[in-house]
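The structure appears right after this line, and notes come after that.
Where a number appears in this text, it was derived from the coordinates with a stated rule and is not lab data. Only a predicted model underlies this, so the values are computations on that prediction, with no experimental measurement involved. Here the Cβ positions follow ideal geometry from the backbone for every residue, glycine too, while neighbour counts run over all protein chains shown.
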Amino acid sequence: MVKQKEFDIPFSGLRLGKHEFNYHIKNTFFESFDYNEFNEADITIHAELNIMSTMLELDLSADGTVNVNCDITNELFDQDVNGKLELVIKFGDEYNDENEEILIIPQSEHQINIAQYIYEMLVLAVPLKRIHPGVLDGSLESKALIKLEELQPKEEKEQKEDTDPRWDALKKLLTDK
């Protein structure tokens, strides 16, 4: 991962209260993390940093789309991405990010880089199973869908007729309660 300076927030010179920052994420952002799951990305990040006397509160929200391949048909489509992340930043003796909701940074720090938190929020906001909307509503015509339909197992009625009636009677006893 290449540390991205545009995501540094120098909080030491800011007054107490809320401060807003906006970022525009493209695919080069994910490439800097060696993450190549997205074909293209167009995401807007809104960051709100609330500076208090003893701690900081960071609220991140994301809204946009990423272009991905469908897991069923391999067709490209735009997946909506919406994410939120709330992080409390406290000051301590040494850096500690073991808790996912609380970040402890050294008291000597004067800025925080939020690139890693944006990356994690966005990757987790995309569903694990990516299905083209046309597959869900039946409007997508694809060779892959036609082939999957051909290979789908068909229920054969002949097989049901060849069963032994004694077993059918026993199976019926299992279902009668």
Residues located in segment 3-22, provided they are in a helix (DSSP H, G or I) and of a type in the set (D, E, K, R):
Lys5, Glu6
Quickly run through segment 9-29 and pick out the residues that are surrounded by 15 or more Cβ atoms within 10 Å (Cβ to Cβ) and farther than 18 Å from Asn113 by Cβ.
Asn27
Out of (1) among the aromatic types (Phe, Trp, Tyr); (2) surrounded by fewer than 18 Cβ atoms within 10 Å (Cβ to Cβ); (3) out of contact with any Pro (no Cβ under 8 Å at 6 or more places or on another chain), what's the single condition that is false for Tyr117?
(2)
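Let's see how each residue does on (1) outside any strand (DSSP E or B); (2) without any contact (Cβ under 8 Å) to a residue 12 or more places away in the chain; (3) of a type outside the set (S, T, N, Q); (4) more than 20 Å from Glu120 (Cβ to Cβ):
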site: His24; (1), (2), (3), (4): no, no, yes, no
site: Tyr35; (1), (2), (3), (4): yes, no, yes, no
site: Asp63; (1), (2), (3), (4): no, no, yes, no
site: Ile72; (1), (2), (3), (4): yes, no, yes, yes
site: Gly83; (1), (2), (3), (4): no, no, yes, no
site: Phe91; (1), (2), (3), (4): no, no, yes, yes
site: Glu100; (1), (2), (3), (4): yes, yes, yes, no
